[in-house]
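Note sheet for the following structure.
The values are calculated or read from the model by the stated rules, or taken from the named source; none is laboratory data. The shown structure was predicted, so the numbers you read here are calculated from the model rather than taken from an experiment. Please note: Cβ atoms are built from the backbone with ideal geometry, for glycine as well, and neighbour counts cover all protein chains shown. Remember, those area values only see protein heavy atoms, side chains included, never the ligands or the DNA or RNA. Shrake-Rupley method; radii C 1.70, N 1.55, O 1.52, S 1.80 Å.
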Amino acid sequence: MSARTIQGQKNLQNINQASKDGIGGSPLRPDGNLKVKGEFAYSSDMWHEDMLWGTALRSPHPRATILSVDISEALKVPGVYAVLTHQDIPGSKYYGLEIQDQPALAIDKVRYHGEAIALVAADHPETARRAVKKIKVEYEVLTPIVTEEQCLDPGTYGYVHEPHEYKSHAYGNICHEQRLVSGLGVTDEVRALADVIVSGDYEVGMQDQAFLGPESGLAVPAEDGGIDLYVATQWLHVDREQMAPVLDLPEEKVRLTLAGVGGAFGGREDISMQIHACLLAQHTGKPVKIVYARDESFYGHVHRHPARMHYEHGATRDGKLVFADCRIVLDGGAYASASPAVVGNAASLGHGPYVIPNVKMHAIALYSNNPSCGAMRGFGAVQAAFGYESQMDKLAAELGLDPVELRQLNTMSEGDYMPTGQQIDSPAPVADLLRRAKEMPLPPPLDTAHLDVRQLPGALSNTSHGEGIVRGVGYSVGIKNVGFSEGFDDYSTARVRLEVIGGEPVAMVHTAMAEVGQGGVTVHAQIARTELGVEQVTIHPANTEVGSAGSTSASRQTYMTGGAVKLAAEAVKRALIEKGRRRYGWTHDDITLAGGKVVSARSGALVSMVDLLGDEAIDLTREHHHRPTVPFDKETGQGFGHVQYTFCANRAVVDVDVELGLVKVVELTAVQDVGKALNPLSVVGQIQGGCTQALGLAVMEEIIVRDGKVRNASFTDYLIPTILDTPPIPVEILELPDPHAPYGLRGVGEAPTVSATPSIVAAIRNATGLALNRIPVRPEHLTTELPG
Amino acid sequence: MEFLRPATWDEALAAKAEYPTALPIAGGTDVMVEMNFDVHRPSAILDLNRITELTQWSNDGGVVRLGASVPYARIIDELSGPLPGLALAAHTVGSPQIRNRGGVGGNLGAASPAGDSHPALLAAGRDVFVEAASVRGTRLIPIDDFYVGVKRNSLAADELIRAVHIPVADGPQQFSKIGTRNAMVIAVCAFGFALHPKDGTVGTGIGSAAPTPRRAVEAEEYLRGVLAERGLWESGDLLGTEVIQRFGELVKAAASPIDDVRGTADYRRHALAVMARRTLTWTWNDYSKQIRSAA
Amino acid sequence: MRVTFTANGKPVEADDVWEGESLLYVLRERVGLPGSKNACEQGECGSCTVYLDGVPVCSCLVAAGQVQDREVRTVEGLTDENGELGLVQQAFVDAGAVQCGFCTPGLLVQTDALLDQDAQPSDNDIREALSGNLCRCTGYEKIMDAVRLASARKCAGKGASE
Ligand SMILES: Cc1cc2nc3c(=O)[nH]c(=O)nc-3n(C[C@H](O)[C@H](O)[C@H](O)COP(=O)(O)OP(=O)(O)OC[C@H]3O[C@@H](n4cnc5c(N)ncnc54)[C@H](O)[C@@H]3O)c2cc1C
Ligand code: FES
Ligand code: FES
């Protein structure tokens, strides 16, 4: 397509930026100016002459048989160009991230509330909406299978997917399961070794990524019979891998370009509108844009798995952990999505950053008729952290120990072993993170003489003028893996080009990395500057013309694609120096690139890059693979399963109106080891953002599902923290290099989301004395035991 | 769908008479949500933005006549003195952007049990009137007769709200609302309270805890009695925990809430009692201060 | 229907506007001003905030027909004639307040309006003023920094020009 017809397309061309900052500095974002001017083209801004608007008909029922679909009336609506059902799909009808169990459009049955059944393309969104209402679907409504008990008793309640349809080793509505046993496991003999045992049942509600930029994109049919898709996603290549078979096209004819992404947090790991827009474009021969409205966004992407967990911990009287016995049940909903990986994380990280001699763990993900759940920041680890950190507080109370001290008695350090048998072979300063969190100065007490309601629980709602307010403090620490695990080779590719433009050496970095806001593009430019000694760096738009960059998830992009940019830049550097040696016969062994010149440490500048390059460009592509991992043994959970571990500790200070059950988080401190902060400003931004999502899960965020139906698919009732809910978030960063990682860095994005939630709940417990075994904590949880 | 843009109030009334199913739009903060999410497809939209008198208010010293479209932001800035309860309620509505557009006319038009103006208007007393007009003429609807069901009010199909008549406060007023976040929340439940020393009454209003906004009649009566019998209006003496407690109980008893995604019925009752006690305490403290400083 | 109004100082005209359409849709899809963002279309996120006759409002909740003959200023209008960033825009870039940037256009307009009213707001004032602008990425800390920075620069600029 001609770029001219897309408006505001500046980020779909190269973005150039000059700066002196290499790694360790905090240069401004290369896309920052476009973003503040409103010129950065997000996927929902895509626009093409003659484009049509696509929309989907979605099921109002969580479980039903589709008896018939009649599209004839919809087709008659003036302005409608196509109405499609699964029968119109040219290729494979199923797709999926790990297991291809999800139909692109429902086939004869629906398995969750909001499942897409039919598609419409029309000349205006309103025309499309009207047409959707004219599609007649006859359903035989079935009782949804929604609770753990129902799922685990298919004999009585039935199957979400008939067992003969299973495309993995699922069985009996269990999509995936992982067991783990380490030490002696947990037997009666092991239990007898403990002086105290605490146990608890914990529940985590269904959280949503709630990125602000709705799922959207523009599919443009191409003359070669292929398709160009401009889309917001986390992983261009895995989208294409899932799309091509459905569209019945070879992968090279499905070309994806990353449009601006308005946040992701795991919610764009799966396909949403990609296949639908392309199907409509294929059928109509016209460009088709789909933009989800907020309600459709809630139906159209996976959520964080809700969890029910049983934990039992035993310890000696002096506070040494003896065993942990855990069972984690994750509700994966209708389709598999990332459930297997979520289970793997829950099982392998579910004991926390502690050394526990004997562990037994059983984690499962269910198939149910609830909304599908999959990737969200910190998956598997977030749910478990609420369980094990609640247990640590309980144990400390039982033993009469300070909760931080109890943790420090048991925290893991470099050289220790995970219950999976994997040795921690890089710094793990867990006890130190906790110490630092504790030593940070506390915020001042509430100034009752000068109350400003905006600082109190309830704020402008004017519920308290100081009455009922009790302060609480809580601590927690968490562990997360970085990168894809269990034998998966999630390599990244980068292309770096060095040439002279306008009399200056300019490096161009081209990857397929999805910039979702995290600042990967800033870091890529910094790496190129550091390795190549240039100031001018151009970021090429991310697309499928270059090899895969893997997903922008699992805290992996700086590590993986940053690592690939480093490798490619180093290769370019070697090639340039080699060129110089050939031309000038240098014999120095201390040559590097700096300040636009080839430099010898001892002899000084040898030649300028401009002179050496002339009008030649050096253009090289490299892949970066992390060290290999292996799958966990299904029964014992043993194996070198994770690439890297990352840790964060938090302290939360809250004011609770104990009479009304309202909470105001006063401060949320985070201390994290990041190995090496390539861009300190971005690192702090990631940690503060991650903490805030954790705050949301602690006190307000939940998709409420009753009998399989979503009750709050809107920003009116799915609440995320506002600026009045979010406290100051002081961040302390440690930089202890990981010898296995590029520059020694450690993935940053997820650890705070894992660790911060339990600290807030601990602080509320500290203020109220209540048990609080479920998150999000709601006002009624804090007041049910109170007299009216 | 048609889009009607009357330039004057008379044109608006004529349009509404001609198209009784036309949906008036003022700030649009309710209407447009319903349009965007396909909840509503009226035959016509009747834009009231061009009618300037709807955005004006006047105060004759005893009563404020508040134009239907005066946005909340201006109520907060300009009317906190004469209408303190309503101004506090206005300050809890949505966000600054919403408060720049939405107003009491729209809140009354939507008649949601969760509308925040309602408890404040009820608490302001029984002499609050909705000025409704049509080509047939103008009538003043007492606020107690205005709310007739869930999201239903007593306007006739051809009527528009011109203004609301609210007595100028003659004593302290308060408003509290529960939300599960610290800004931008629809009320889980809300409570408005006002002391009316001039006629020795008190006013209450309960939001989001019954099919319609409602008054806690028994609580008002109880307190009126206690204040009169004990000469508290004159003395400004402490009410005592027993009275405050009882008042809270009666407010709670006046509610008939349900469980929904925003909260449970039990919590709503509990919170209403707490808010009733607190708002009574705050207003009474202010009142006694006034009495003492006057003495 | 046809709607004509002024956008960022220039007259604009949109034809065939559906009566139920929002100002946000008209700006984004019809008059080439996609800077204001469509994150919820229910007034909850503030990403679509624009000035309407000088007052910041959610453009998703203004019916297109309501802007006839009125003045709208969007994020695109915060940049000066030469395309240089406005004070608030620059502060957001400098403070690292932009991650995905989807919330940014709305926050910029709302911040611009705040500082217009009060060049030196307290932290509580900033939080109140921005409480209708959701950001999912930053945790708001860098946004607070950006507003404080813009405020400081604005006050310094005023001081210098006096
Ligand atoms: C994000 C968000 C947050 C909100 N938060 C709150 C909140 O905290 N508390 C709260 O109470 N409300 C809240 N609301 C709802 C809304 O803002 C209020 O109800 C507001 O008062 C509506 O005023 P409006 O002028 O925008 O009404 P509109 O949307 O224009 O109209 C609302 C209704 O009133 C009718 N109407 C308007 N004017 C007249 C008139 N003059 N005569 C007859 N009928 C008329 C309309 O036909 C429509 O039925 C919120 C809305 C949003 C989008
Ligand atoms: S898009 Fe208008 S407030 Fe969210
Ligand atoms: S920067 Fe992404 S929503 Fe604010």
Checklist line | Karplus-derived 3J(HN,Hα), 6.51/-1.76/1.60, for each residue of region A:480-494, Hz, glycine and proline x | finding: 9, 8, 10, x, 7, 10, 6, x, 7, 9, 8, 5, 10, 10, 9
Notebook entry, point to check: Once the Cα gyration tensor of region C:87-161 is diagonalised, what are the square roots of 5 times its eigenvalues, in whole Å and ordered largest first, as equivalent ellipsoid semi-axes?
Noted result: 20, 13, 10
Checklist line | Label point at A:Lys76 placed 7 Å out along Cα→Cβ; residues across region A:120-147 whose backbone nitrogen lies under 16 Å | finding: A:130-137
Next item on the list: Beyond 16 Å, what share of the Cα-Cα pairs of region A:733-784 is found? Please give it as a whole percent.
Entry: 56 percent
Item checked: Area hidden from solvent between A and B (accessible, protein heavy atoms only, 1.4 Å, total, Å²) -> 3200 Å²
Checklist line | Ellipsoid equivalent to region B:24-130 - semi-axes via the Cα gyration tensor, in Å | finding: 24, 15, 13
Next item on the list: Would you work out what percent of the accessible area of region B:1-49, with all protein chains in place, is carbon or sulfur (probe 1.4 Å)?
Entry: 51 percent
Margin query: Can you give me the convex hull volume of the Cα atoms of region A:305-448, divided per residue and expressed in Å³?
Written below: 148 Å³
Margin query: Please list log₁₀ I(q)/I(0) at q = 0.14, 0.22 Å⁻¹ for region B:1-49, using the Debye equation with identical point scatterers on the alpha-carbon positions.
Written below: -0.31, -0.73
Next item on the list: Determine the shielding of peptide B:273-284 by partner chains: average, over its residues, the number of Cβ atoms on other chains within 10 angstrom of each Cβ.
Entry: 3
Check: Of all the C-alpha pairs in region C:3-74, what % are more than 20 Å from each other?
Finding: 15 percent
Margin query: Based on C-alpha coordinates, I'd like the Rg and Dmax of region A:386-526, in Å.
Written below: 24.2, 71
Checklist line | Spatial extent of chain C: Rg and Dmax, with the Cα atoms as the point set, Å | finding: 15.8, 50
Notebook entry, point to check: Once the other residues with Cβ under 15 Å from the Cβ of B:Val63 are scored (Lys, Arg +1; Asp, Glu -1), what is the net sum?
Noted result: -1
Next item on the list: Could you go through region B:205-211 in sequence order and give the Karplus-derived ³J(HN,Hα) for each residue, using 6.51 cos²θ - 1.76 cosθ + 1.60 with θ = phi - 60°, rounded to whole Hz, and x for Gly and Pro?
Entry: x, 10, x, 6, 9, 5, x
Check: Taking the Cα centre of each part, how many Å lie between region A:318-352 and region A:643-689?
Finding: 22 Å
Next item on the list: May I ask you to rank A:Asp655, C:Asp123 by accessible area, largest first, using a 1.4 Å probe over the protein chains only?
Entry: C:Asp123, A:Asp655
Check: When all alpha-carbon pairs of region B:173-294 are counted, what percent fall beyond 21 Å?
Finding: 36 percent
Checklist line | Cα-derived Rg to Rh of region A:543-701, Kirkwood definition | finding: 1.16
Item checked: Average beta-carbon neighbours from other chains, 10 Å sphere, peptide C:79-90 -> 2
Next item on the list: Which order do the peptides B:215-222, C:108-115, A:756-763 take when ranked by the mean count of other beta-carbon atoms within 10 Å per residue, highest first?
Entry: A:756-763, C:108-115, B:215-222
Margin query: For chain A, what does the convex hull of the Cα positions come to per residue, in cubic angstrom?
Written below: 177 Å³
Notebook entry, point to check: What's the angle, to the nearest 10 degrees (0 to 90), between helix B:241-254's Cα axis and the longest principal axis of chain B?
Noted result: 30 degrees
Check: For peptide B:98-106, how many partner chain Cβ atoms fall within 10 Å of a residue's Cβ, on average?
Finding: 3
Next item on the list: Please list B:Leu280, B:Leu23 in order of solvent-accessible area, largest first, computed with a 1.4 Å probe with all protein chains present.
Entry: B:Leu23, B:Leu280
Item checked: Solvent-accessible ranking of A:Leu84, A:Leu736, largest area first, probe 1.4 Å -> A:Leu736, A:Leu84
Margin query: Using a 7 Å offset from the Cα along the Cα-to-Cβ direction at both B:Ala157 and A:Asp224, what is the distance between the two label points in nm, to one decimal?
Written below: 6.2 nm
Notebook entry, point to check: Ratio of Rg to Rh for region C:117-162, alpha carbon only, Kirkwood?
Noted result: 1.04
Next item on the list: With a point put 7 Å past each Cα toward its Cβ, work out how far C:Asp118 is from B:Arg139 in nm, to one decimal.
Entry: 4.5 nm
Check: Once you charge only the Cβ atoms, +1 for Lys and Arg and -1 for Asp and Glu, what is the size of the charge dipole of chain C about its Cα centre, to the nearest 20 debye?
Finding: 320 debye
Check: Taking the highest mean first, how do the peptides A:208-219, B:32-43, C:24-35 order by number of other beta carbon atoms within 10 angstrom per residue?
Finding: A:208-219, C:24-35, B:32-43
Checklist line | Accessible area per residue, Å², the protein assembly as shown with all protein chains present, probe 1.4 Å | finding: 33 Å²
Next item on the list: Collect residues whose amide H, placed 1.01 Å from N in the peptide plane, falls under 5 Å from the amide H of A:Leu745; neighbours closer than 5 in sequence don't count.
Entry: A:Lys676, A:Asp738
Item checked: Net charge of neighbours whose Cβ lies under 13 Å from the Cβ of C:Val50, counting Lys and Arg as +1 and Asp and Glu as -1 -> +1
Next item on the list: Go through A:448-458, A:332-342 and give me the packing order, highest mean Cβ count within 10 Å leading.
Entry: A:332-342, A:448-458
Notebook entry, point to check: Where does chain B land on Rg(C-alpha)/(2.2 N^0.38 Å)?
Noted result: 1.01
Notebook entry, point to check: Any idea how far apart A:Ala617 and B:Asp237 come out in nm if each label point goes 7 Å out from Cα toward Cβ?
Noted result: 9.2 nm
Notebook entry, point to check: Measuring from centroid to centroid over Cα atoms, what is the spacing of region B:218-243 and region A:103-155 in Å?
Noted result: 59 Å
Item checked: Relative contact order [Cα under 8 Å, 6+ residues apart], chain B, whole percent -> 16 percent
